[in-house]
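The values are calculated or read from the model by the stated rules, or taken from the named source; none is laboratory data. Note that this is a predicted model, so its numbers are computed, not measured. A quick note on method: Cβ atoms are made from the backbone with ideal geometry, for glycine too, and the neighbour counts reach across all protein chains shown.
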Amino acid sequence: MTPPEDVATILSKLLRFGVRPGLERVDAALTALGHPERGPLTFQIVGTNGKGSTAAFIDSILRQAGYRTGRFTSPHLTDIRERISISGEMLSPESFSALVREVAALDGSLQIGLTFFEFLTVMAHVAFQRAEVDCVVLEAGLGGRWDATTVSRPIVTVLTGVSLDHEEILGPGISRIFEEKVAVGRRGRPFVANLKDPSLRGLFLDRARLVGFLPVLSGRDFEARWEDEAPLPSVNGLEGRGRRVLYQGRWGRRTFSSGMSAAYQVENVGAAVAAIEWSPLPISLTAFREGISRAEHPGRFETISRHPAILLDGAHNPEAMERLLESLLDRFGTHASVGWFLAVHMDKNWRQMLALIHDSPLDSQALFFPEQGNAEAVRGQWAESREMESYSRGLWEETAIRIERGAQESLLDQAVRWAEMEPARVLVVSGSLYLVGAVRPRFIPAPSPVLFSGNERDRPLSEDA
């Protein structure tokens, strides 16, 4: 077995490349490997929020239909092996380590200079080819036009939605971000889109006429909504129950039960079902129902403790926070007292996220801001906890709310003790999937061994760091 230190060294060096737009490096590597990405039937998913959950639904439905699947997703929570799965299972440490060394050798010999994400994309395609999968589900990392997953030839593309995020890379404004994501549409292939904004819907149809892809629009060609009201359990019933989804689409009206029952998940169910409906794959109603019911996506409205009540959600931008708040209200109304363990990446609009929490009808009673430097995956990346604390005190100046900041582990202890004090309290860990990934192993054991925990958000370290 390759020593984990060797794998960590290879991957840590790749993080230094950062994000570099372009498909030529991935294409060069895959060409040298005989284009493994061209074999399986592929679904590509782009969008600002909801990509991972939509990928989980599609993958689960396909597996219930009897297909052998490969899924490539990002970021990971605790171990990099989470990103590449074969029929729902991670690669073994031995297989993953061997593949890292193999792709590193190719990258070095051809002097391609793959970035971290590109490197993992190539690894995924090689792993899927060798596992002889029937179908592949690819979650784009950033944008679409120049994302490494775009070298594939999907039978269906999905756009989960567009909101402001990564403007420093994709460009300012919703229209620029939309253009980057919709550029992945392929002539003659279905393109499923969850779009609410009338102007974006119009632009999507204009692009369909120009490029020649088949537009499949939410609200026009398919629609999904919760059939029942959300349960309002006591806080200690936090895990909730499956909720019924009413879906109207290409094959008429259907009902499903989704185990992932956050308010925002109904749109992801709809996009996933539409994507498979418009694919050439024959899928039974039973496979749809079982797949939606069994789909899981850790770190997204995930309950990790009932006593005390602790919930994780990786809401990392204002739109995602808005959806999280809607889901908390949907689940609890104003019955729960909410505490927030919150860290947000420095390039996100954390002020707007805090303002949304402040303006919500939720009874928010505590804010805990972990300081940076407490975990490798977040070093040097959080907005300053001191700034967030100061801003929050201004927002809540006339409200009795507890506001704390401190080292991550000790502050988490405080937050958990706060949640334990009253049965109606719930602690929500949010602001970033990287924070969720750092907190989750405290309550749910991480896979063993963890080969590498670093992520794209890691700041390149100096040689003597």
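Arg425 - would you say it is surrounded by fewer than 19 Cβ atoms within 10 Å (Cβ to Cβ) and within 25 Å of Ser327 (Cα to Cα)? Steps first, answer last, please.
On the way: surrounded by fewer than 19 Cβ atoms within 10 Å (Cβ to Cβ): no; within 25 Å of Ser327 (Cα to Cα): yes.
Answer is no for this residue.
Name every residue in region 267-304 that is in a helix (DSSP H, G or I), of a type outside the set (Val, Ile, Thr) and in contact with a strand residue (DSSP E or B) (Cβ under 6 Å, 6 or more places away or on another chain), in order of residue number.
Kept after step one, since they are in a helix (DSSP H, G or I), are these residues of region 267-304: 267-277, 285-294.
Subsequent filtering for residues that are of a type outside the set (Val, Ile, Thr) retains 267-268, 270-272, 274-275, 277, 285, 287-291, 293-294.
Matches in region 267-304: Gly270, Ala271, Ala274, Ala275, Glu277, Arg289, Ser293.
Glu94 passes all but one of (1) more than 23 Å from Ser60 (Cβ to Cβ); (2) surrounded by 20 or more Cβ atoms within 10 Å (Cβ to Cβ); which number fails?
(2)
Looking at the structure I just gave you, is Gly270 buried (at least 23 other Cβ atoms within 10 Å of the Cβ), in the same structural domain as Ile61 (by TED's automatic domain parsing) and over 12 Å from Leu62 (Cβ atoms)? Explain how you work it out, then say what you get.
Values: buried (at least 23 other Cβ atoms within 10 Å of the Cβ): yes; in the same structural domain as Ile61 (by TED's automatic domain parsing): yes; over 12 Å from Leu62 (Cβ atoms): yes.
Taking the combined requirement at face value, the residue satisfies it.
How many residues does region 404-422 hold that are surrounded by 16 or more Cβ atoms within 10 Å (Cβ to Cβ) and outside any helix (DSSP H, G or I)?
Final tally of qualifying residues: 3.
Limited to region 328-384, what total is found for residues that are modelled with pLDDT of 90 or more and touching a Lys or Arg at 6+ places or on another chain (Cβ under 9 Å)?
Adding up the residues that qualify gives 10.
Identify all residues within region 204-235 that are modelled with pLDDT under 95, aliphatic (A, V, I, L, M) and either in the same structural domain as Glu326 (by TED's automatic domain parsing) or farther than 22 Å from Val269 by Cα (or both); write none if there are none.
Val235
Has region 396-405 got any residue that is of a type in the set (Val, Ile, Thr), closer than 21 Å to Leu329 by Cα and in the same structural domain as Pro318 (by TED's automatic domain parsing)?
Of all residues in region 396-405, those of a type in the set (Val, Ile, Thr) come to 399, 401, 403.
From what's left, closer than 21 Å to Leu329 by Cα: 399, 401.
If we keep only those that are in the same structural domain as Pro318 (by TED's automatic domain parsing) as well, we get 399, 401.
The answer is yes; a qualifying residue exists.
Of all the residues that make up region 179-208, how many are over 23 Å from Tyr247 (Cβ atoms), crowded, with 23+ Cβ neighbours inside 10 Å and out of contact with any helix residue (DSSP H, G or I) (no Cβ under 6 Å at 6 or more places or on another chain)?
Number satisfying all stated conditions: 1.
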